[in-house]
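**Student:** Before we start, here is the structure in question, set down as structure tokens.
No lab work stands behind these numbers, since they all come straight from the coordinates. Every value quoted in this text rests on a predicted model; they were computed, and no experiment measured them.
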Amino acid sequence: MKITKDSVVSMHYTLRDQAGTVLDSSEGREPLMFLQGHGQIIPGLEKALDGLAIGDHLDVSIAPEEAYGVRQEELQQDIPLSAFGGVDKVEVGMQFQAQSPQGPMLITVVEVGEESVKVDGNHPLAGQTLFFAVDIETIRDATAEELEHGHAHAPGHHHH
Ligand code: ZN
């Protein structure tokens with residue numbers, strides 16, 4: 001059986017950045033389970049996994065355009081410190097949910113000044129080429145319910 005659109009796949013993975021630093025890994029956890037072809041994982045990884053079989057190992061690098069996007073400088077902006085009224089102390093690295101014309105987005109504080117705060121609305125991995133090492137554990141067809149929901153259901157989990 002090979003991975004195609006609508007396959008439910010479980011895989012172990014390790015994600016590294018350009019410098020080789022591990023950003024995320026399923027090591028020591030259950031493998032990641034997802035529904036192929038429904039945007040549950042980044043587009044570049046979906047493409048790379050297409051056609052793989054159980055037991056296959058893949059090392060692949062994925063450009064920002066096919067991962068979390070290129071950095072958009074206009075998503076960096078200065079906000080008056082007074083806008084953070086409910087926060088005791090605004091610190092670099094804090095993340096907040098903000099409303100944008102495109103819907104809710106996560107912003108990260110990158111600089112705190114006397115009266116203003118510089119925030120960045122880019123995904124933390126935007127602009128980065130990502131390196132995945134994956135091992136395919138299982139592949140099966142999606143159930144009708146999974147297709148309807150657009151995601152995989154782990155065995156033994158109650159329906160939501
Ligand atoms: Zn569901």
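**Student:** What list of whole percents do you get for P(r) of region 21-85, with Cα-Cα distances grouped in 5 Å bins up to the one holding the largest distance?
**Tutor:** Histogramming region 21-85 at 5 Å steps yields 3, 11, 16, 21, 15, 9, 8, 8, 5, 2, 1 percent.
**Student:** So, one more: Alpha carbons only, please: Rg and Dmax for the chain, in angstrom.
**Tutor:** 19.1, 60
**Student:** Inverting the mean 1/r over all pairs of different Cα atoms, compute the Kirkwood radius of region 51-104 and quote it in Å.
**Tutor:** Details: mean 1/r = 0.0636 Å⁻¹.
That comes to 15.7 Å for region 51-104.
**Student:** Hey, could you grab the Kirkwood Rh for region 91-149? Inverse mean 1/r over distinct alpha carbon pairs, Å, one decimal.
**Tutor:** 15.4 Å
**Student:** At a Cα cut-off below 27 Å, give the lysines reachable from Lys5, other chains included and same-chain residues fewer than 8 away excluded.
**Tutor:** Partners within reach: Lys47.
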